[in-house]
Every structure is written in structure tokens, then in C-alpha cells.
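Presented below is the structure to which this report refers.
The values are calculated or read from the model by the stated rules, or taken from the named source; none is laboratory data. Bear in mind that the values here come from a model prediction, so they are computed numbers and not experimental data. Counting neighbours? That spans all protein chains shown, and the Cβs are built from the backbone with ideal geometry, glycine included.
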Amino acid sequence: MSNATTTGRAPSVYVPSAEALSTVLAPGARPPRPNALSASLTFGWRALLKIKHVPEQLFDVTAFPIIMVLMFTYLFGGALADSPRDYLQFFLPGIMVTSVVMITMYTGIGLNTDIEKGVFDRFRTLSIWRPAPLVGMIFGDVLRYVLAAVVILCVGLVLGFRPDGGLPGVLAGIGLLVVFSFAFSWVWTFFGLVLRSEKSVMGVSMMVLFPLTFLSNVFVDPATMPGWLQAFVKVNPITQLVASVRAVMSGTSDPSATMWTLLWSAGFVVVFGTLTMYRYNRR
Amino acid sequence: MKRTTGPAIEAEGLTRSFGDTRALAGIDLRVPAGTVYGLLGPNGAGKTTAVRVLATLLRPDGGRARVFGHDVVTEADAVRARMSLTGQYASVDEDLTGLENLMLLARLLGHRKPAARERAEGMLAAFGLTDAADRQVKKYSGGMRRRIDIAASILNTPDLLFLDEPTTGLDPRSRNQVWEIVRAVVAHGTTVLLTTQYLDEADQLAGRIAVVDHGRVIAEGTPGELKSSVGSGSIHLRLRDPGQRPEAERLLQAALGVPVQLEPDPVALTARVGGAGSDLDASAQAARALGDLAHAGIVVDDFSLGQPSLDEVFLALTDHPAVTSDERDDELEAAR
């Protein structure tokens, strides 16, 4: 074998040309500043491009929910209901909520990484609607939430979940879930800005998410719990969300739970959206 | 488009602390429009913090600054519309391709999709990146990276461009390319504020230089004025016999009239030449000093006459060498 390794084609050396540069610098009319929606959608496009270039990041919205459904259906199904199949009828809307709400924490981790790399400095010096980079980022995440919900639904259908609400009920359920998750993501943008590292964001997320999802009506009927726990479960927004999703998927409705879900969603956007933007502008 | 005739930047008494670290201790600046202005100083002197305050990324604790007459705190959006920043760290998205990055920014500036694409492609061509248009930026070389950073910064044809250490870590060829780009941008009428740790870079590009130390401007002027106060050059000598160094030191001191620095290398000496104190220019002073050494029988194996290093500038201005710390780490640390 010859050791005359080719070092590739000699790269042509770039020589900056004042002429070429002055053409691109020619002032021309500056376009008007984009409106809030179009700036946010452009950042949503960025999120899609990132998924295109790093498709592995979809692993947590596909594999993780499948594992959750299979694990809990067969772990608890026999003990809590007559059969895994009966349990699934009760459990699927809840595990769908749990998985998607858990996935919202990646919003904070993603933001923290982005800021660490410095690209947000560029975004923050642009003359655009200030929350656009964050709103656009969450738009991209909403796509992941929908994907995770659909994956879970499909697994459920295969295992024997039969929603009485039919297609409209299922769509309404996923819609409620996505609205809540969009709102809940603002909690993580705040922590993503405040905390020092990706790891600490992850730690805080877990500390919030585990009690929130497990101390709810997702896995078992709260009537079996001690009174003090029932009190927490009752005010837990996840309980309200699960109750309303369960209702619409089974073809009925739970107006009180739905109202509380929407109130909690509005509250998260107002409180954590404001805190997030305060931190974002102050840094 | 309206070009203001007043100064591009006016800053008075800017202060900013991060925890216990005083990054800016009262910076005053006046940058005339249409020129390159250099902020010269070691890591941790406050250059990056100053740029981040002027670029509306950080609020100052005290003092005020205007960019083209707009206050950087109260009229931040008007400032943002006229400037852009190329930071020391990646200022484009590494996961995206070069074309996608520029299209993203063009759209955020308000261009519609076809116009954004055209603008992005034109920019890539002007920066010699057409072949790399569809490659992710994380696969670019250091020089290409810097070029896409700068291309992203001039998409909006800014009136003021901040370049934070644009050539740190680049090989000499890429550094020359960046210099050429800066010259072209300025020739076009853009004001450039450049931070650097290298005196020769500031000398090559800047019309005026402010030397920054511990969050303060300690000297300001044209490169010529600055050099005449510091000495326009420095002479480095390596002797054959380390035993002759004390004698050489004495002779140099006598010939040049300035303190001679003994290097850690036992045969090496450095001295400033061409300072204000002498009526001879740097090369003539150096020639005389070498003649004196030869006369005394001291063998000089190697000598060079060059620009003073940042350390030497600092020694001359502050009597202490340039102290380095990582400013951005301090800032990230304290910002949380």
C-alpha cells in the first residue's frame, strides 16, 4: 500500500474582495421589522431545522412514552383492575398526560444549552418582538408533544384501548393536553434561564415533575388515599388536566376540571411567562 | 438611509459589577462615526463587558451610553435596529447549515422567504462560503466560522458593528482575511468597535485606540500617539554567553535610557526603543545599542526589532503586566 495519502483537494484560498463585500453591504431599503407572529414562527422554523439535523432528539418523544405505557399497563394492570386491558381504559389518558408533561422539561434544558453556546446573544440584539425566540422554541416543542401523544394513543389502541369519545373526543383530549403543555413549558423557560447548568435544570425538573405526576389521579383512584394526600391531589393541576382529558376521550365532559385546566394554563403563562421575560431582559 | 454625523458611541462613567468583581469601573468612550475604534486590553480588563453593555445585552449599574444618540437602556430597540454584534463565542447556530443560519436571520430582519434566500446566498458568495452553504456550521474550520459569524452580523448592513476579539485563535491567513473584511466594511461607511489583545491588530485597523485595564480607560489616542508614549518598538536580544548578560543589561540601559527587562530565558533581554525620550528613531537606537554590545565583545546570537507586546504596553502605562482572568465566566457566574 502506498503511503502517499492524498490530503484531499487543495482548498481554494478565500480572498476577501472589497467589491463583492460592498455589493452585499449596499444599503437598499431595509424591510419593515417582522411582526410578533412571523418572528415567532421563524423561530419555530429554526426548531424544525434542529429536529431535521439532530433527529435523535425525537427518541425521547417516541421511545420513552412507549416504555411508560407498556411498563405501567402490565405492572399495575393486574393488581389494580381485573386485567391490564381494563386498567388501560382508565389509565391511558393519564399516562399520555404524564409522558407529555414530563417531556416539557426538555424546553428548559434546550434553552439552557442554547444560552450557554452564545447564539442567544445574537437573538437578543435583534430588533424583534422580545419573546419571539422563546415562543418559537415552544412552538417547535408543541410539535414534539403532539407526536408523543399520538405515539401513546397508537400503542394504546394496539393494546386494546377503545375511547368511547371516538375521534372527536380523542382530538379534543390531545388539544387540551397541548394547550396545558404549552403553558407549562414557561415554567421551564424560567428555570432554564435562572439555573446554572443543564444538570441542575434536569434536577429541578425531576423534583417538580415526579410529585406532580404521581401524586395525582393518573395511576389510581384518589378515593383510596389518606385525606391529606387527597387534598393535594385535588388541587394538583395534573389531576384537573387528567380528569378533563379522560372525560372528553370517554365521550362525556367534566366542565369544572376543564375550567380549572384552562385557568391553570393561563396562570402559568401569566406568572412564568412574565418571570421568564423579566430574566431574559435583565441578564 | 440617514447617516448621523455625530459620534457613533458616547459613554460616560459606565460601571458594572458581577458579584464582587468590578468589570467596569467607570468607562468613558467617544467613538467617531465611520471609523474603526480599538479597545485594547488583556482578558478580564472589561472589554467584553463594555461591548455587551453598548450592544444592549447587559444593563450598566451606573453611567450612561448612547449609540447614534439613542440611550442603550431606555431606547434599546432603536440601538438594536442600527447595530450588530459578533461575539467571541459562537453567534450562529452550530446545528444549522450556513445557508439556514443566514436565512433565519434575514427573515428575522423582515425579508420574505425568497428575498431572504437571495440575501443569504449573496452573502455566502461574498464570504467565499458557497461550497459550505449546506454544511452544518459545527463542521466549519475556525476561519470559516468567523466568516459566517461576521456575515451574519452584516446582513442588516449595520451602521455600527461590534467585533469582540475577532481574530483570537485564528491562524495568520484567516486573521488576514478578517482584517480585509473589516477594512471593506469600514470603507463602506460602517463604524466598527473592535476589541483585541494584540497591539499590532489595533495598529493595523483602528483609527483610535483606548487601552483598557481593570474596567477603566488608561490611555486613549491614535496608534501613533499611543506608541510615542509607549515606545514604537521593542528590541529582543539573545546572547551566546549567559555570563555576559549583566554587562549587556548595563550597556543597553546606558544606550537606550530605558529599563531593560531580563527574560526567564537566561540569555534573553528585551528593551523598548523609539520612545518619546529619544530623538533617534527605533531602528537607529537599536543599531547604536547593538554597536555598543559588539564593541564590548558581547556576542549576540539573535536579535529582532518588533512592535511592543501588550505586556510591554501595560508595563509602560501601568507599571504592572497585563493580568488575565476569564471575564465571561465571571459574568455567567454572577448573572445567575
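Key figures for this structure:
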{"quantity": "Residue in the stretch A:14-26 that is at pLDDT 85 or above, in a helix (DSSP H, G or I), on the phi < 0 side of the Ramachandran plot and more than 8 Å from chain B (Cβ to nearest Cβ) present", "calculated": "no"}
{"quantity": "Residue ranges of helices (runs of 4 or more DSSP H) in the stretch B:1-118 with at least 1 members out of contact with any strand residue (DSSP E or B) (no Cβ under 7 Å at 6 or more places or on another chain) and among the hydrophobic types (A, V, I, L, M, F, W, C)", "calculated": "B:76-80, B:98-108"}
{"quantity": "Any chance A:L176 is within 30 Å of A:T125 (Cβ to Cβ), in contact (Cβ under 8 Å) with a residue 24 or more places away in the chain and either within 14 Å of chain B (Cβ to nearest Cβ) or buried (at least 20 other Cβ atoms within 10 Å of the Cβ) (or both)", "calculated": "no"}
{"quantity": "Verdict on B:A152 being aliphatic (A, V, I, L, M), out of contact with any helix residue (DSSP H, G or I) (no Cβ under 8 Å at 6 or more places or on another chain) and within 10 Å of another protein chain (Cβ to nearest Cβ)", "calculated": "no"}
{"quantity": "Search result, residues across the stretch A:142-154 that are surrounded by fewer than 21 Cβ atoms within 10 Å (Cβ to Cβ) and in contact (Cβ under 8 Å) with a residue 12 or more places away in the chain", "calculated": "A:V142, A:L143, A:V146, A:L147, A:V150, A:V151"}
{"quantity": "Selection from the stretch B:55-64 of residues that are under 22 Å from B:Q88 (Cα atoms) and more than 14 Å from every other protein chain (Cβ to nearest Cβ)", "calculated": "none"}
{"quantity": "Residue within the stretch B:70-88 that is within 26 Å of B:E165 (Cβ to Cβ), surrounded by 24 or more Cβ atoms within 10 Å (Cβ to Cβ) and more than 9 Å from chain A (Cβ to nearest Cβ) present", "calculated": "yes"}
{"quantity": "Top-ranked residue in the stretch B:154-186 [being assigned to a helix (DSSP H, G or I) and in contact with a Ser or Thr (Cβ under 6 Å, 6 or more places away or on another chain); ranked as surrounded by the most Cβ atoms within 10 Å (Cβ to Cβ)]", "calculated": "B:V178"}
{"quantity": "Any helices (runs of 4 or more DSSP H) falling wholly within the stretch A:153-236 and containing at least 2 residues that are closer than 25 Å to A:N281 by Cα", "calculated": "A:166-194, A:198-214"}
{"quantity": "A:V248 being under 24 Å from A:T189 (Cβ atoms), more than 14 Å from chain B (Cβ to nearest Cβ) and in a helix (DSSP H, G or I)", "calculated": "no"}
{"quantity": "Contacts under 8 angstrom Cβ, first residue in the stretch B:213-228 being over 16 Å from B:L315 (Cβ atoms) and assigned by TED's automatic domain parsing to the domain that holds B:G46, partner acidic (D, E) and not in a loop (DSSP other than H, G, I, E, B), 6 or more apart", "calculated": "B:V217/B:D28; B:P223/B:D203"}
{"quantity": "Candidates A:L75, A:L37, A:L58 - the one that is touching a Lys or Arg at 6+ places or on another chain (Cβ under 8 Å) and either surrounded by fewer than 19 Cβ atoms within 10 Å (Cβ to Cβ) or among the hydroxyl-bearing types (S, T, Y) (or both)", "calculated": "A:L58"}
{"quantity": "Selection from the stretch A:27-71 of residues that are within 8 Å of chain B (Cβ to nearest Cβ) and not in a helix (DSSP H, G or I)", "calculated": "A:P27, A:G28, A:R30, A:P31, A:P32, A:R33, A:P34, A:V54"}
{"quantity": "Residue within the stretch B:263-277 that is farther than 30 Å from B:E165 by Cβ, at pLDDT below 75 and either in a strand (DSSP E or B) or not assigned by TED's automatic domain parsing to the domain that holds B:Q197 (or both) present", "calculated": "yes"}
{"quantity": "Residue check for B:A151: closer than 29 Å to B:F68 by Cβ, surrounded by 24 or more Cβ atoms within 10 Å (Cβ to Cβ) and among the small types (G, A, S)", "calculated": "yes"}
{"quantity": "Residues that are within 14 Å of chain A (Cβ to nearest Cβ), crowded, with 19+ Cβ neighbours inside 10 Å and assigned to a helix (DSSP H, G or I), drawn from the stretch B:187-229", "calculated": "B:L205"}
{"quantity": "Verdict on B:G274 being surrounded by 13 or more Cβ atoms within 10 Å (Cβ to Cβ) and under 22 Å from B:L205 (Cα atoms)", "calculated": "yes"}
{"quantity": "Hits in the stretch B:110-130 (condition: buried (at least 23 other Cβ atoms within 10 Å of the Cβ) and at the interface with chain A (Cβ under 8 Å from one of its Cβ atoms))", "calculated": "B:M123, B:A126, B:F127"}
{"quantity": "Lone qualifier among A:V245, A:V220 - being at pLDDT 95 or above and either among the hydrophobic types (A, V, I, L, M, F, W, C) or farther than 11 Å from A:G94 by Cα (or both)", "calculated": "A:V245"}
{"quantity": "Single match in B:L237, B:L332, B:L315 (criterion: at pLDDT 75 or above and outside the structural domain of B:Q197 (by TED's automatic domain parsing))", "calculated": "B:L237"}
{"quantity": "Pick from the stretch B:167-186, criterion more than 13 Å from chain A (Cβ to nearest Cβ) and out of contact with any Gly (no Cβ under 8 Å at 6 or more places or on another chain), ranking: modelled with the highest pLDDT", "calculated": "B:T167"}
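To keep it simple, each residue is scored yes or no on (1) surrounded by fewer than 22 Cβ atoms within 10 Å (Cβ to Cβ); (2) within 9 Å of another protein chain (Cβ to nearest Cβ); (3) among the basic types (K, R).
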| site | (1), (2), (3) |
| --- | --- |
| A:V101 | no, no, no |
| A:G108 | no, no, no |
| A:E116 | yes, yes, no |
| A:L134 | no, no, no |
| A:F139 | yes, no, no |
